[in-house]
Amino acid sequence: MRKITFLTGHSWESNRLGGFHQFAKAACEQGLEVVFFSFPRPYYSFFMHQELYNRKSIRTLEKGILYDVGKSTLLNITLPTFKLPNKANKFLSDEMMNCLERLSLKSFRKFALRYFSGSDAFVFESCDGMIFLDQIKSLFPAAKIVYRPSDPLMYDGALSRYVANETRMVLGADINLIVNDEGLELYRRKIPEFDEKVRYEILSNGVDIASYEKSYPCPELLKKPNTVLYVGAWDVEWNLLFLAAEKMPECNFVVVLPNYPSPEIQRKASETKNLFYVPGIRPDEVPSWITNCSVVMVPYVTDFYKNRPLGITAKYYQAMAAKKPIVSYCDTPKLKEAGVCVTYTYEDFMDGVRSALLKKSCGYVFNLSDRKWENITKRFLEIVGGENV
C-alpha cells in the first residue's frame with residue numbers, strides 16, 4: 001500500500017484529536033502518501049464567516065495545501081460544488097439535491113484523476129463525500145473502498161436522501177469499520193439482510209490518554225469556582241442549563257461549542273452571570289480545559305440518544321482519562337455501567353452536578369487501554385492494507 005485518500009468533512013488544519021486526523025497521521029508515519037479530501041464546501045458558503053465555511057479558507061483549500069507529516073506528505077484539497085442547504089429538499093427531489101451536490105465548475109473526473117490517482121484505498125467518513133462513491137469506484141476499480149461511520153446518517157428521522165446515500169455506501173464498501181454495537185444494531189435494523197450482504201468490523205474511537213493525565217495552566221474562565229464544563233460539537237439542552245444556572249448560583253456552567261446557537265440563546269447566555277458560551281477552542285486546547293474544570297457535563301438535547309447511536313464517545317474517554325466527575329443528560333444508559341452519572345430529568349441532572357462537585361476525582365469501570373489511539377490506528381492500517389477484506 002502506497003497511498004490513501006480520506007473523504008471527510010474536516011480540514012487538516014482543524015487538527016482534531018481523533019477520527020480521520022489520527023488515521024491519516026498514522027498512515028503518514030508509515031510513509032504512505034495521504035490525500036485529505038475535505039467535502040463539502042459549497043459555493044454558497046463563500047458568503048459565510050465560519051471557521052470551515054468562508055471564502056478565504058475555501059479558496060485556499062481549493063488550490064490544495066501540502067503538509068509534511070511524519071515520514072510522508074499530506075495533501076488537503078477540496079472541490080466546491082453547487083450543493084444547496086437541506087431546506088431546499090422541501091422543493092427539490094433527492095436526485096436533484098445529489099446532482100447539485102456533485103456539480104462543480106470543475107470536472108470531478110479531472111480533479112479525481114489529478115489528485116486521487118495511485119490511491120490504494122478510499123476511506124469515507126459519514127459525510128456528504130459518499131455521493132462520489134459510484135464515480136470513484138468507476139475511476140479506480142482496483143482501489144479498496146472503506147466506510148468509517150463515526151456518526152451514522154440513517155438515524156430515525158433522518159432525511160430520506162441521507163438514508164439512501166448511506167445505504168448505498170454501506171453496501172458498496174469492501175469493508176465497514178463501525179464504531180460501536182449501537183451503530184451495528186442501527187444498520188441491522190435499517191438494512192435488510194445486513195449480515196449477509198455487508199462485511200464489517202467493530203473498530204472503536206480512541207483517546208490520547210497521556211494528554212489527559214498531564215497538568216496544564218488553567219484557562220482564565222475556569223479559574224472561577226465550581227466550573228461545570230461541556231466541550232463538544234452536538235447541541236445542548238439550553239433550557240436545562242439556564243434553569244441550572246438559576247437554581248445553582250454557586251456553579252459556573254461553561255459551554256464550549258463550535259456551532260452557533262440562535263441569537264436569542266446567545267443573548268440570554270450573555271445576560272446570565274454564571275453561564276458562559278465559548279464559540280469553540282482549538283483541539284490542542286481541549287486537554288487543558290478538561291483537566292482544569294470541576295465537573296465535565298454532557299447535557300444533550302432531550303431524547304437525543306434515542307435516535308443517535310453514538311455509544312460511549314471520545315468526550316467521555318477524555319474525562320475518564322482525566323479522572324473527572326461526569327454528569328450526563330439524555331445519553332446512553334450504558335454509561336452507568338462505566339460509573340458515569342446519567343440523568344434523564346432536569347432535577348436529576350442538577351442533583352448529579354451537586355454530588356459531582358463534592359468529588360475531587362473519579363475512577364471508572366472502563367478499560368481505556370483498549371481505546372488508545374496507537375492501538376486503534378494500528379488495527380485500522382492492518383485492515384485497510386490487508387489483502388483479504
Once R0 is set to 30 Å, what does the formula 1/(1 + (r/R0)^6) return for the Cβ-Cβ distance between Lys268 and Glu185, expressed as a FRET efficiency to the nearest 0.05? 0.20
Longest principal axis of the chain (C-alpha) makes with the long axis of helix 346-356 (C-alpha) an angle, in degrees to the nearest 10, of 80 degrees
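Within the accessible area of the range 94-175, what % is carbon and sulfur when the probe is 1.4 Å and the other protein chains stay in place?
53 percent
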Dipole of the chain (Lys/Arg Cβ +1, Asp/Glu Cβ -1, origin at the Cα centre): which of Ile281, Ile265, Val384 lies farthest to the positive side? Ile281
For the range 65-151, run through the GluC sites (Glu not before Pro) and keep only the ones in DSSP coil with at most 16 other Cβ atoms within 10 Å of their Cβ. none
With +1 on the Cβ of every Lys and Arg and -1 on the Cβ of every Asp and Glu, the dipole magnitude of the chain about its Cα centre, in debye rounded to the nearest 20, is 940 debye
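Leaving ligands, DNA and RNA out of it, report the carbon-plus-sulfur percent of the accessible area of the range 269-389 at a 1.4 Å probe.
Details: 2660 of 5510 Å².
Result for the range 269-389: 48 percent of the exposed heavy-atom area is carbon or sulfur.
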Evaluate the charge dipole of the range 96-180 about its Cα centre and quote only its size in Debye, nearest 20, assuming +1 on the Cβ of each Lys and Arg and -1 on the Cβ of each Asp and Glu. 480 debye
Accessible area in square angstrom per residue, the chain, 1.4 angstrom probe: 46 Å²
For Glu201 and Ser160 in one chain, what is 0.36 nm times their gap in residues minus the Cα-Cα distance, to one decimal in nm? 12.2 nm
Of Val146, Tyr317, Leu243, which is farthest towards the positive pole of the chain's charge dipole, taken about the Cα centre with +1 and -1 on the beta-carbons of Lys, Arg and Asp, Glu respectively? Val146
Counting Lys and Arg as +1 and Asp and Glu as -1, each charge on the Cβ, what is the dipole of the range 1-121 about the Cα centre in debye, to the nearest 20? 360 debye
Checking the range 12-75 for GluC sites (Glu not before Pro) in a loop per DSSP with at most 16 other beta-carbon atoms within 10 Å yields Glu51
For Lys90 and Ala233, FRET efficiency with R0 = 25 Å and r from the beta-carbon atoms, rounded to 0.05? 0.45
What whole-number volume per residue, in cubic angstrom, does the convex hull of the C-alpha atoms of the range 1-115 give? 118 Å³
So if we plug the beta-carbon distance of Lys378 and Ala142 into 1/(1 + (r/R0)^6) with R0 = 22 Å, what FRET efficiency do we get, rounded to 0.05? 0.35
Using the Cα gyration tensor of the range 224-286, with a ≥ b ≥ c the square roots of its eigenvalues, what is the shape: rounded (a/c below 1.5), prolate (a/b larger than b/c) or oblate (neither)? oblate
Specify whether the C-alpha gyration tensor of the chain places it in the rounded, prolate or oblate class, a ≥ b ≥ c being the square roots of the eigenvalues: rounded for a/c under 1.5, otherwise prolate if a/b is larger than b/c and oblate if not. prolate
Given the Cα-Cα distance of Arg109 and Lys336 and 0.36 nm per residue of separation, how much length would full extension add, in nm? 76.8 nm
By accessible area (1.4 Å), largest first, Met154, Met1 order as Met1, Met154
Whole-percent carbon and sulfur share, accessible surface of the range 8-90, 1.4 Å: 53 percent
Once a ≥ b ≥ c are taken as the square roots of the eigenvalues of the Cα gyration tensor of the range 225-352, is the result rounded (a/c under 1.5), prolate (a/b larger than b/c) or oblate (a/b not larger than b/c)? rounded
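Among the GluC sites (Glu not before Pro) within the range 152-228, which fall in a DSSP loop and have no more than 14 other Cβ atoms within 10 Å of their own Cβ?
Glu193, Glu213
The values are calculated or read from the model by the stated rules, or taken from the named source; none is laboratory data. Quantities reported herein were computed from a predicted structural model and do not represent experimental measurements. Here Cβ is always computed from backbone atoms with ideal geometry, including for glycine, and neighbour counts include all displayed protein chains. All accessible areas refer to the heavy atoms of the entire protein, side chains included, with ligands and DNA or RNA removed. Shrake-Rupley method; radii C 1.70, N 1.55, O 1.52, S 1.80 Å.
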